[in-house]
Amino acid sequence: MDSARSQILWFLPLLGAIGVLLNSYRKKRAHGLPYPPGPGFLHAVKGLATVDSSAPWLLFVEWRKRYGPLVYLDVAQPMLIIHSEIIARELLEKRASKYSSRPESPTFELYGWGFTTALLPYNDKWRQHRRFYQRGFRPDVAIQWRPFQLQKARTLLLNLLNSPEDHVEHFATFTASTIMAITYGYTTAPHDDPLLNIVNRAIAIFVKSTAILNVIIFSTFTFLESLPTWLPGLGFYREASVSRGLSRKMLDAPFDFVKKSMGDGTAQVSLVSEFLAQNDEGTGPLASEETIKEVAASGLSAGIETTSSHVMVFLMAIAMHPSVQEQAQAEIDSVIGTGRLPDFDDRPSLPYIEAVLRETLRWQQASPFGAPHTTTEDDVYDGVFIPKSMLTTPLSWSTYGTAIAHDESKYPDPHTFNPSRFLTPEGKLNDDDMHVDFGFGRRICPGRHVAEASLWAAIVSILAAFNVRKAKDEKGNDIEITPAMTPGQVVRPVPFPCRIIPRSAEKENLVRMDD
Ligand code: HEM
């Protein structure tokens, strides 16, 4: 983000000239209809150049207050920020045939990530990827991954019992080991796993390279690519070469593990082993090995950070709200008793736990900017002109309660963690399943059923076995937690101190017995 900012500052005068030219060109193309309201070019560039990188969405929220729920931003690559669920559904879902592509930034190829589903334009390759997810992750098929999810959740409990202070690492291990098991049938080592190290390093560079400002800047000012790398601000090319090597390894190494284990008869059932078997038997859609590698690595990279971020959000929420914890534990104890740990068969009988899961998805998002879609045709909405190739992004989070998941009219007192907002007065779940957290229309997250099940397994297991409390200072007073998220495109809670204590000796035994 900082390097993106230094680049934009350096090129500011040039951008000004280009922007003025492009603006006047576009105005002539608007067929007499106005563009949606928004800041002018120079105002927008100045805003982006000086944005608070720890909370860049605050700038968009400021613009929303001034311009309304659809904000048009014209920094050469036109962008529409959607602050309303109704408008997001109208455009991204009902008019999905026009709004389902992605920005085609040279940054992605440059960093070796051009293969990944989330960044593919709306084309045949993307459709092929989505068919594979449909085969592996649709609700009736995703059930087969539950034993992995439950097993990893139980390992998480044991890790929390043994070293509660390392909970951030344990949550990362939980999500990564679950997805590695589902995708490749691979069991990760407790520490320093060689395959996971490759994946984590590749993702870390990728997340940095696709920060929203980088995407806007490099997809707009493509000439930046052809400038010499010794110019100030262009050192990112060296990083790009490292990234390309890592992403290639991420595609090949876990896939080779599956092929080898299939060859010697030790393979576990997994997404990749099933796709390869279907290829051999001719029972599934035939795909090249490269496509299977791409689908597998795309799911992995999209699912690890987002899921573990939400487990951290859950922990932060219950550490701050003991009454939520008590109500959730009372439900678990009354439904399943205290002599065993919960499993997926209990899920339909635990509505309050389901409400805690939904509130966790709503309260703080892993991806407050959502993921940008681009238009493939001109469109007109509510009297304004929306041109082809416009970047549209549904903003899901804001401090002022104006964005989608914090819309005060739908979620009163939106910054309070209150699972009961998802329950009817009779204690039944209402029909708001918080799927907005997983995006919209044809690009909606294909891993959402897997993600929800992993989160459910972690949440219910932690609540059944542990009390989570605020940490104490040296005088024995509670250390208050102020919710804060890290900067970036995929965000997570800033680490906070807390205590994770077994609820009883009986619970501790249950966790150890499961080992
Ligand atoms: C709590 C966890 C997760 C959250 C909050 C989340 C959220 C999202 C969001 C917001 C999008 C963009 C949707 C759009 O463009 O409208 C997305 C896309 C995607 N997600 Fe997830 N996700 C999660 C977990 C997962 C998991 C576990 C997987 C796979 C195992 C996965 C795979 C993907 C893929 C492949 C895409 C790209 C879809 C496309 O562009 O067509 N995600 N996710």
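Sort 479-485, 247-253, 43-49 by packing, meaning the average of other beta carbons within 10 Å per residue, with the highest value first.
Packing proxy ranking, top to bottom: 247-253, 43-49, 479-485.
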Review point. According to a simple spin-label model (label point 7 Å from Cα along Cα-to-Cβ), what is the distance in nm between residue 382 and residue 508?
Key: 5.7 nm
Review point. What ranking do 308-316, 494-502 get when scored by the average of other Cβ atoms within 10 Å per residue, highest first?
Key: 308-316, 494-502
Check your understanding: In a Debye calculation with equal point scatterers on the alpha-carbon sites of the range 88-151 and no solvent, what is log10 I(q)/I(0) at q = 0.16 Å⁻¹?
Key -> -0.75
Exercise for review: Take the alpha carbon atoms of the range 31-514, find their radius of gyration, then divide it by 2.2 N^0.38 Å using N residues; give the quotient.
Suggested key: 0.99
Study note, to complete from the structure: Interchain or sequence-distant (5+) residues whose placed amide H lies within less than 5 Å of the amide H of residue 423 are 430
Study note, to complete from the structure: Rounded to whole Å, √(5λ) for the Cα gyration tensor eigenvalues of the range 298-417, largest first, gives 36, 18, 13
Check your understanding: Suppose every K and R has +1 on its Cβ and every D and E has -1 on its Cβ; what is the size of the dipole of the chain about the Cα centre, in Debye to the nearest 20?
Key -> 1400 debye
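I need 416, 178 ordered by Cβ neighbour count within 10 Å, fewest first. Write down the numbers at each step before the final one.
Numbers: 416 12, 178 30.
Sorted ascending by nearby Cβ count, the order is 416, 178.
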Check your understanding: Rounded to the nearest 500, what is the chain's calculated 222 nm mean residue ellipticity when only DSSP H runs of at least 4 contribute -39500 (n - 2.57) each, over all residues?
Key -> -16000 deg cm²/dmol
**Study point:** Pairs of Cα atoms farther than 21 Å apart, the range 361-437, %
**Key:** 43 percent
Point to revise | Amide hydrogen neighbours beyond the local backbone of residue 471, cut-off 5 Å, H modeled | key: 479, 498, 499
Practice item. Among 48, 78, 317, flag the residue with its Cα farthest along the positive direction of the charge dipole of the chain, charges on Cβ as +1 for Lys/Arg and -1 for Asp/Glu. Key: 78
Review point. Along its principal axes, what span do the Cα atoms of the range 243-324 show, with the longest given first and each in whole Å?
Key: 54, 30, 25
Review point. Of all DSSP beta bridges located in the chain, what percent are antiparallel, nearest 5?
Key: 85 percent
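Taken together, the values in this text are just the output of simple stated rules run on the coordinates, not laboratory data. Predicted model only: the values in this text are computed from it and were never measured. All Cβ positions, even for glycine, are placed from backbone atoms using ideal geometry, and neighbour counts span all protein chains on display.
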